[in-house]
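The structure under discussion appears below in the form of C-alpha cells.
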Amino acid sequence: MLIDSHCHLEYKGLVEDQQAVLERARAAGVGGFLNISTRRSEWDQVVATAERESDVWASVGIHPHEADQHAGLDAVALREATRHPRVIAIGETGLDYYYDKSDRAVQQALFRIHIGVARETGLPVIVHTRDAEEDTAAILTDEMAKGTFPALIHCFTASATFARTALDLGLTISLSGIVTFKNARELQEIARELPEDRLLVETDAPFLAPVPHRGRTCEPAFVASTAAFVAQLRGIGTEALCEATSRNFHALFTKAAGGAPA
C-alpha cells in the first residue's frame, strides 16, 4: 500500500470531482491519504471528508501564508480541534519567506503555537519551510530543547545541511514530485541518502505534478510516479519503497492506527 502523506482534497482542481480523484488514486495503488488544512475555515471540510472516507485522515493547522489572518489563534482552539478521532496531525505550519504573505514575526509565533500543541498531544506537526531554513532550524532546535515532539518536513526542497539538522532532531522528511524534476539534482542526491525509516512521499496535490505528469493538475494518484522515481534513485524496488514509506507513515502518525483502512 502506498500513502499520499500530504494532499489538499478540498482545493480547487480536486474538490469538484473529489470522489473520482480518490477512485483514480486507489486504482493506482494508493491506500491512504492525509488531507491537509491551511486555514481555520477548512478544518470542518477536511474532517468531514475523513469521516466519509475510511482511508482519508485530516490535519488541522494554519499555513504561514494565512498567518496574518489567524494572528489571534491560540493553542486552546487548535488543541480542541485535534480531539477529533480522524485528525492525526497538526499543520501545515511553518515559515515562508519566499512570498512573505504574512508578517514574519506572526508566522514564527503561530509556528511555535503549533509545535506546543504537538508536544502536548503527541500528534506530529507538519512543517512548511521555504527560503527560511535558518529560522526554521532555529525554532525547531529551540522548541525541541523545551521538550520533544514529532514532526515532518513536508515537500522537502531545502539543503543537505538543513536535512541533517532535521534528521538530528528526530524529524521525518517527505519528498514531493519536485524530486522528479530535471533541475532537482541536489534534492535527488539528498533523496538517495535519506535513512529508510525517515522517508515519506507525497503529492501536495493539486500542486507540483511529478514527471511524467508535468503541466497537469496534480492528483494523489501521481504519488505512485514519485515513489517509483525515488525507488530507482535509491536502487530498490518500487514495492519495497512503498512498504517502507507506508510503515514510516504509521510509525509517525500513530493515531491513524485507530482508523486505518483495512
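Cβ under 11 Å from LEU252's Cβ, LEU252 left aside: what net charge do those residues give with Lys, Arg +1 and Asp, Glu -1? Summing Lys and Arg as +1 and Asp and Glu as -1 gives +2. Packing around the peptides 65-76, 46-57, taken as the average count of other Cβ atoms within 10 Å per residue, puts them in this order, highest first: 46-57, 65-76.
Expressed per residue, the C-alpha convex hull volume of the range 2-257 stands at 113 Å³. Among 28-39, 213-224, sorting by the average number of other beta carbon atoms lying within 10 angstrom of each residue, highest first, gives 28-39, 213-224. Charges on Cβ only, +1 for Lys and Arg, -1 for Asp and Glu, centred on the Cα centroid of the range 2-257; of ALA256, VAL15, GLY72, which one is farthest towards the dipole's positive end? Most positive-ward Cα: ALA256. Positive-end ranking of VAL60, VAL230, VAL106 along the dipole of the range 2-257, with charges on Cβ about the Cα centre, is headed by VAL230. Here the relative contact order of the range 157-262, from alpha carbon pairs under 8 Å that lie six or more residues apart, stands at 23 percent. Each Lys or Arg adds one and each Asp or Glu subtracts one; over the other residues with Cβ under 11 Å from the Cβ of ILE115, this totals 0.
We did not get these values from a lab; they are worked out from the coordinates using the rules stated. Since we're looking at a predicted model, the values are computed, not measured. Here the Cβ is made from the backbone with ideal geometry for all residues, glycine too, and neighbour counts use every protein chain on show.
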